[in-house]
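Working notes, beginning with the structure itself.
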Amino acid sequence: MRVRNLKLCDLARILRVERASFRAGGSSTTTFVAHLFRDRKNSFVAENEDGEVVGYALVRMGLGWLGSRRGGITSIAVDPPHRRQGAGRALMARALEHLAEHGVEEADLEVEVDNGAAQSLYEAVGFRRARVLRDYYGSDRDGLRMVVDVRQAGSLRDVQPGSADRAADGRG
Ligand SMILES: CC(C)(COP(=O)(O)OP(=O)(O)OC[C@H]1O[C@@H](n2cnc3c(N)ncnc32)[C@H](O)[C@@H]1OP(=O)(O)O)[C@@H](O)C(=O)NCCC(=O)NCCS
């Protein structure tokens, strides 16, 4: 499994993974593509040994109060046949590493309360539950806001040297 920076030529494959991963009633394709373009320079894909894109993580960054760096995970998904093989964890590890490299101290994300798989992944890399977001995903579909201290994130210690593709993103 290899994690590299997202390229625009990945768009079709990312959209297929997104459609296969989120049930109807989630954000529209238009909203997803808008997020993808906004976040494209901070986002990543996971490729398998055949060079096939099997997952993505969209990472957002901006300025918070008093100019502090804020960040978070906009969306993450792995193609169903390729789950439970470490792609999600590798994407989260690279995303948190990227946020740390850019001076973000605390990151957040939203997840549906009944999405146990995603919450397990987030807790495995250090996120904790911050608050319930009533009807965040629609009527009777609550969300959870989860936050992580990026500097303390467990995933950073778990990243194996070379697991992120530094050559591909021009940093070495
Ligand atoms: C959440 C998701 C990205 C995880 O991707 P993945 O590649 O399967 O995750 P990994 O194989 O790296 O698993 C890492 C850890 O996450 C947890 N985890 C992942 N899937 C899980 C599941 N179905 N049930 C319980 N825990 C799970 C485990 O702790 C796992 O570690 P382990 O395999 O050593 O037990 C994937 O299930 C997915 O795309 N889901 C649909 C889209 C989605 O819900 N995205 C999040 C929206 S907020």
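Restricting attention to the stretch 18-27, which residues are touching a helix residue (DSSP H, G or I) at 6+ places or on another chain (Cβ under 9 Å) and either free of Cβ contacts under 8 Å to residues at least 60 places away in the same chain or assigned to a helix (DSSP H, G or I) (or both)? The answer is E18, R19, A20, S21, F22, S27. Of all residues in the stretch 50-61, those that are of a type in the set (D, E) and either crowded, with 23+ Cβ neighbours inside 10 Å or within 16 Å of the ligand (Cβ to nearest atom) (or both) total 1. The residues in the stretch 20-34 that are surrounded by 14 or more Cβ atoms within 10 Å (Cβ to Cβ) and within 14 Å of the ligand (Cβ to nearest atom) can be counted, and the count is 5. The set of residues in the stretch 51-108 that are within 20 Å of R2 (Cα to Cα), in contact with a strand residue (DSSP E or B) (Cβ under 7 Å, 6 or more places away or on another chain) and of a type in the set (S, T, N, Q) contains only S75. Only residues that are buried (at least 23 other Cβ atoms within 10 Å of the Cβ) and either over 12 Å from the mean Cα position of the chain (by Cα) or under 16 Å from M146 (Cα atoms) (or both) were counted across the stretch 76-92, and they come to 2.
Residues considered: A12, A34. Of these, the only one that is within 27 Å of Y136 (Cα to Cα) and not in a loop (DSSP other than H, G, I, E, B) is A34.
Where strands (runs of 3 or more DSSP E) fall entirely within the stretch 62-143, those with at least 2 residues that are under 22 Å from R40 (Cα atoms) and within 15 Å of the ligand (Cβ to nearest atom) are at 69-78, 106-112.
For first residues located in the stretch 87-113 and among the aliphatic types (A, V, I, L, M), partners that are near the ligand (Cβ under 7 Å from one of its atoms) and lie 6+ apart or on another chain with Cβ distances below 7 Å form the pairs A87/G55; A87/V78; L91/G55; L91/I76; M92/I76; M92/L121; V111/A118.
Read the figures in this text as sums done on the coordinates, not as results from a lab. This is a predicted model, so every value here is computed, not measured. Reconstructed Cβ throughout: ideal geometry from the backbone, glycine too, with neighbour counts over all protein chains shown.
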